[in-house]
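Comments concern the structure below.
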Amino acid sequence: MKRILVVGAGGQIGSELTPHLRNIYGDSNVIASDINCCACKQLGEAGPLEEFDALDGKKFAEVVKKYKVDAIYNMVALLSATGEKNPQLAWKINMGALLNSLDIALENKCAVFTPSSIGAFGPSTPMDNTPQDTVMRPTTIYGVCKVSGEMLSDYYFQRFGLDTRSVRFPGIISNVTLPGGGTTDYAVEIYYGAIKEKKFTCPLPQGTFLDMMYMPDALNACVDLMEADPCKLVHRNSFNVSAMSFEPSQIMAAIQKRIPEFIMDYDVDPVKKAISASWPNYMDDSCAREEWGWNPKWNLETMTDDMLKVIGEKHAKGLI
Ligand code: SER
């Protein structure tokens, strides 16, 4: 893999994945792209940056050809809570970007990475130790897109031999670009609240266990899967991956250990409550461990140290 296009590079994951890939493959070999490059202009300082809408297949294909791209990381997504506000738009964006990625990849012999999510599961899925291969009947449009995307990606692999790979990401916790419109966003926002105001109002009820992961592990998951020996992959779309599972009062306690005056209260959002209740408490990610060596490094304690340090420094410099 030599020339990579990151579509949706301005988003929560894309904004950190792009520099990560550039460190590995070289600045000029990783092309960043987004529908609106205003917020991610700095990605254009180190390497190529292209502005286009992933739903515009013509422009998308032109960029792939211009840079002789051989791998597409499709990071375009409208997340779960936003999706419920406009399901038709969520389908159009999430499936449209994927379908274009697959068709353009097929025409140009590229590999494709697309994240799936814990959102691909639903209320009839076993909640504890959720198996790799199990019932998937999501009740959100985001989840419906993710399951459809997994199946479509496997279909392109089986039918056309396209090299498609994917992980089911849990909530991703990070400190560069804020997520937006997701159900797991609280686990990012709580750290900003802790640093800026020493308080946070949680939109999920106490006791809501969800899988989570710190961004450095998520970046390694993308690259390690894409670099994995295809002969060892029994699965492709998509692998359960997790690094930790906690509920709101546990992340609150981890912050209070470091900032004793921090307080948290609850103002439960009914949409997020219903969505989170339909997702697993914790997944079994043993297939990812066996097939391509998934091995996360960060847990709630080490992540909390790092998040508070990084966000604290940004706050001290007046950046947030
Ligand atoms: N973080 C996503 C969301 O909450 C889940 O993949 O929508």
- Message: Straight-line reach only, C-alpha to C-alpha below 30 angstrom: list the lysines that Lys66 could link to, leaving out same-chain residues fewer than 8 apart.
- Response: Lys2, Lys41, Lys58, Lys92, Lys109, Lys146
- Query: Which aspartates and glutamates have a Cα less than 12 Å from the Cα of Lys232, not counting those fewer than 8 places away in the same chain?
  - Reply: Glu290, Glu291
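How much length, in nm to one decimal, is gained on full extension between Asn23 and Gln256, taken as 0.36 nm per residue of separation minus their Cα-Cα distance? Show your work: numbers first, answer last.
Numbers: separation 233, 0.36 × 233 = 83.88 nm, distance 3.52 nm.
Full-extension gain reported as 80.4 nm.
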- Of all the stretches in the chain, which is the longest one without any exposed loop site, taking GluC sites (Glu not before Pro) in a DSSP loop (any state but H, G, I, E, B) with at most 12 other Cβ atoms within 10 Å? 1-196
- Could I have the simple spin-label model distance between Gln88 and Lys68, label points 7 Å from Cα toward Cβ, reported in nm to one decimal? 4.4
- Message: Within the chain, which is the longest segment that contains none of the trypsin sites (Lys or Arg not before Pro) sitting in a DSSP loop with at most 16 other Cβ atoms within 10 Å?
- Response: 199-296
- Note on the structure: Rounded to whole angstrom, the alpha-carbon centroid of segment 19-76 lies from that of segment 233-283 at a distance of 31
- Convex hull of Cα atoms in segment 169-320, direction-averaged projection (nm²): 9.3
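Give the whole-number value, in cubic angstrom per residue, of the convex hull volume spanned by the C-alpha atoms of segment 1-63. All intermediate terms of the calculation are to be shown ahead of the outcome.
Working: hull volume 4.7 nm³, N = 63.
With only Cα atoms used, segment 1-63 gives 74 Å³ per residue.
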- Which whole-number percentage describes the relative contact order of segment 92-191, with Cα contacts under 8 Å and a sequence gap of 6 or more? 29
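Given that compact globular proteins tend to follow 2.2 N^0.38 Å, what is the ratio of the alpha-carbon Rg of segment 116-167 to that value? Spell out each step's value before the answer.
Working: Rg = 11.7 Å, N = 52, 2.2 N^0.38 = 9.9 Å.
Rg over 2.2 N^0.38 Å, computed on Cα atoms: 1.19.
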- What 222 nm value per residue comes from the helices of the chain, counting each DSSP H run with n ≥ 4 as -39,500 (n - 2.57) and dividing by all residues, nearest 500 deg cm²/dmol? -13500 deg cm²/dmol
- Note on the structure: Checked segment 233-320 with the C-alpha gyration tensor, a ≥ b ≥ c its square-rooted eigenvalues, rounded below a/c of 1.5, otherwise prolate if a/b is larger than b/c and oblate if not; verdict oblate
- Query: Once the Cα atoms of the chain are picked out, what are the Rg and Dmax in Å?
  - Reply: 18.9, 58
- Task: Output the relative contact order of the chain, whole-number percent, from Cα pairs under 8 angstrom with separation of 6+ residues.
- Result: 18
- Burial ordering of Met252, Met212, fewest other beta-carbon atoms within 10 Å first: Met252, Met212
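Hey, any idea what the orientation-averaged projected area of the convex hull of segment 1-138's Cα atoms comes to, in nm²? Intermediate values should be presented prior to the final figure.
Values: hull surface 37.2 nm².
Approximately 9.3 nm², given one-decimal rounding.
The numbers here are math on the coordinates, done by the rules we state, and not lab data. Owing to the predicted nature of the structure, the values given are computational and were not obtained by experimental measurement. Ideal geometry is used to build each Cβ from the backbone, glycine not excepted, and the neighbour counts take in all protein chains shown.
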